[in-house]
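Report on the structure given below.
The values are calculated or read from the model by the stated rules, or taken from the named source; none is laboratory data. Since the model is a prediction, treat every value here as computed from it, not as a measurement. Positions of Cβ are backbone-derived with ideal geometry, glycine not excepted, and every protein chain shown enters the neighbour counts.
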Amino acid sequence: VLLASGLVQQHGERFWIVSALVGAGYGAVFSLVPILISVIWGVENFGTNWGIVAMVPALGATVWGVVYSAVYQWAAERGAGRGGDGALEGVTMVEDVLCYGKDCYAPTFWAMAVCVWIACGLWMWAWRGPGGWHRRGIAV
């Protein structure tokens with residue numbers, strides 16, 4: 001939500017906030033998740049389960065990379081008056097169909113924020129839902 005709101009774009013002094021949050025997220029994934037995997041599914045198949053979970057960031061980076069590039073291209077073409085109905089507010093264009101400003105990526109930031117909230121909801125459902133980890137006595 002911080003990225004989607006536009007509070008960080010074009011404010012270099014605030015970049016450390018986003019950098020710290022991204023670093024904390026990756027730190028949590030690659031340090032806490034192996035423990036959770038071994039607690040939830042046991043150590044018998046830990047290698048397989050951790051391998052599957054460790055591949056998800058690579059898949060996500062691939063998918064979101066395609067989404068980011070498509071949204072950027074759409075914003076650049078629309079802002080340049082090519083393939084669209086006018087310029088986006090706050091977007092500066094040059095002849096090379098480049099896009100500048102938060103409007104180039106804002107839709108992807110909002111989509112990413114929605115995906116994070118969906119993931120949090122799924123986590124809560126897996127924890128507290130019917131047959132969830134809490135009911136099975138697994139402390140997460």
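Of note:
- Flag if L21 is exposed (fewer than 13 other Cβ atoms within 10 Å of the Cβ) and either at pLDDT 90 or above or under 17 Å from the mean Cα position of the chain (by Cα) (or both): yes
- Yes/no for Y26 being surrounded by fewer than 13 Cβ atoms within 10 Å (Cβ to Cβ) and free of Cβ contacts under 8 Å to residues at least 40 places away in the same chain: yes
- Subset tally (residues that are within 19 Å of A113 (Cα to Cα) and either at pLDDT 90 or above or touching a Phe, Trp or Tyr at 6+ places or on another chain (Cβ under 6 Å) (or both)) for region 24-52: 1
- Test: residue in region 109-119 that is among the aromatic types (F, W, Y), farther than 20 Å from V18 by Cα and at pLDDT 90 or above: no
- Residue count for region 98-108, restricted to those that are at pLDDT 75 or above and either exposed (fewer than 12 other Cβ atoms within 10 Å of the Cβ) or in a loop (DSSP other than H, G, I, E, B) (or both): 2.
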